[in-house]
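Chemist: First, the structure itself, so that you have it in front of you.
Each reported figure results from applying straightforward, stated rules to the coordinates on display, with no laboratory input. If you're wondering where the values come from, they're calculated on a predicted model, not measured in any experiment. Using ideal geometry, Cβ is built from the backbone for each residue, glycine included, and neighbour counts are taken over all protein chains shown.
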Amino acid sequence: MTWDRKASIAGPASSEDAVFAALKITDTECRQCGTLIAGLNGRYACPLCGWVNHHSQGHSGLPTTQDDLDYPARRKSRRSRP
């Protein structure tokens with residue numbers, strides 16, 4: 001059995017690349033204080049006054065928990081050492 005280093009590296013990186021390709025930095029004025037703020041895919045939070053737009057106002061749907069790279073079910077179980 002041989003180990004293909006490139007194949008093991010390409011697996012996780014390709015899924016991360018797809019996630020990062022879907023992210024787009026957008027900007028707008030805060031609806032409460034007028035400060036220019038930036039967000040991801042139309043979701044904003046103002047650091048000055050605390051205003052946050054509703055998650056449904058974003059440009060795309062939110063990912064599911066299974067799409068999250070840190071989702072507990074995706075972690076490989078480790079065997080305990082004797």
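The rows are residues; the columns are (1) loosely packed, with under 12 Cβ neighbours inside 10 Å; (2) out of contact with any strand residue (DSSP E or B) (no Cβ under 6 Å at 6 or more places or on another chain); (3) in a loop (DSSP other than H, G, I, E, B); (4) on the phi > 0 side of the Ramachandran plot.
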{"site": "28", "(1), (2), (3), (4)": "no, yes, no, no"}
{"site": "33", "(1), (2), (3), (4)": "no, yes, yes, no"}
{"site": "37", "(1), (2), (3), (4)": "no, yes, no, no"}
{"site": "47", "(1), (2), (3), (4)": "yes, yes, yes, no"}
{"site": "50", "(1), (2), (3), (4)": "yes, yes, yes, yes"}
{"site": "56", "(1), (2), (3), (4)": "yes, yes, no, no"}
{"site": "59", "(1), (2), (3), (4)": "yes, yes, yes, no"}
{"site": "66", "(1), (2), (3), (4)": "yes, yes, no, no"}
{"site": "70", "(1), (2), (3), (4)": "yes, yes, yes, no"}
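Chemist: Need the failing condition index for residue 42 against (1) surrounded by 12 or more Cβ atoms within 10 Å (Cβ to Cβ); (2) in contact with a Leu (Cβ under 9 Å, 6 or more places away or on another chain); (3) not aromatic (Phe, Trp, Tyr), just the number.
Modeler: Answer for residue 42: the failing condition is (2).
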